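Below: the structure, in structure tokens.
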Amino acid sequence: MVEGGTGGVELVDPARLGQWMDQQGLPGDGDLPQVERLSGGSQNELFAVSRGGEELVLRRPPDVTAPGRAEAFSREHRVLAALAGTDVPHPRLSGVCDDPDVLGGPFYLTERVDGWSPMQTKGWPAPFDTDLDARAGLAVQLIDGIARLARVDWKAAGLEGFGRPEGFHDRQVDRWLAFLERVKTRELPGVEVAADWLRRHRPQVYEPGILHGDYQFANVMFRHGAPARLAAIVDWEMATVGDPLLDLGWALIGYPADDNPSATGMGYVDLTGMPPRADLLAHYEAVSGRPTQDLPYYLILARFKLGIVLEQSVARLAAGQADERVAAFPAVVLDLIAGAAELAERTP
């Protein structure tokens, strides 16, 4: 039996889970599932579930009483269901349970992806640690994933009402400044510079699509071995229907510009040997069918938004409510906002 949460509350009872799996007609009828906690979840509790010859992953929120948490969780499995049958790499959804009587809260099951995450390795694994040609393919595959996502017909996939695509860009600055006012404990130099620029340069026309919302190396998995192959896009808790080009800007937040190749990346991956940004943009355009000439807007918006989102963790850290994993965030936030302001100042 696996336990977790506050007060020793059971998060996964194998017997009750097995009964529910029987009711859903999942493989292994009558067998007791083997359950093991996994690491790596940023917002959810993750568990490996083995039964009937299938390897699955169970995801459930750690605290369904947190404001908006249950709604955000339901959005994750809704978008995974919508991606079934598409060419977007994602964990296949096996079952969803909203009945709290089963495990005390909602959960869903997906296939267990056979692959590796950059967040679970110290440096690039072989052969990407030494083979720079193979490593370059990782960046191409990263961009390929959101290019495929951007061309999914979200209405046909059943995502009507999943987001508010109308006025998406009109809302961004005011929404995130209001969020910042609720969480900030300090001044963030450059935030108004970036905000003013974004207000003046927001796209007047855009084509809505599925937006992952936190797209970066940390939230994808790759197949083992070369050549680089994207296995799955994971962690969909920030997904919505909006402007998919924001995912492109997000993925390139720390990617060096072609006119400044010595710039560093996000800090948790080594970008040595990666292809020029222009090559990645060309690949995105070819696969997605979307133009990228407004990339500076999306880079500035991505830095602006991510900096403000992470400032919430900075506030929790200042209040003694966060652990050492966010110890670097105070400096990261300042760098993100300063970078947004700097790019805004040198972009007409």
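Numbers below:
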read-out: Counted residues, region 71-95 - those being open to solvent by less than 50 Å² (accessible area, probe 1.4 Å), within 20 Å of TRP20 (Cα to Cα) and of a type in the set (A, V, I, L, M); value: 1
read-out: Scan of region 176-195 for residues that are in contact with a helix residue (DSSP H, G or I) (Cβ under 9 Å, 6 or more places away or on another chain) and more than 15 Å from ILE337 (Cβ to Cβ), ordered by number; value: ARG182
read-out: Filter pass, ARG175 being assigned to a helix (DSSP H, G or I) and open to solvent by 20 Å² or more (accessible area, probe 1.4 Å); value: yes
read-out: Residues (open to solvent by 40 Å² or more (accessible area, probe 1.4 Å) and either in a loop (DSSP other than H, G, I, E, B) or hydrophobic (A, V, I, L, M, F, W, C) (or both)) located in region 128-150; value: ASP129, THR130, ASP131, LEU132, VAL140
read-out: Residues that are under 21 Å from the mean Cα position of the chain (by Cα) and surrounded by fewer than 19 Cβ atoms within 10 Å (Cβ to Cβ), drawn from region 333-348; value: ASP335
read-out: Inter-residue pairs, beta-carbon under 9 Å, first over 13 Å from LEU83 (Cα atoms) and in region 139-151, second open to solvent by less than 10 Å² (accessible area, probe 1.4 Å) and among the β-branched types (Val, Ile, Thr), 6+ apart; value: GLN141/VAL220; LEU142/VAL220
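The values are calculated or read from the model by the stated rules, or taken from the named source; none is laboratory data. Treat the numbers as computed from the prediction; the structure is a model and nothing was measured. When we count neighbours, we look across all protein chains shown, and the Cβ atoms used for this are built from the backbone with ideal geometry, even at glycine. Note: areas computed on protein heavy atoms with side chains; ligands, DNA, RNA excluded. Shrake-Rupley method; radii C 1.70, N 1.55, O 1.52, S 1.80 Å.
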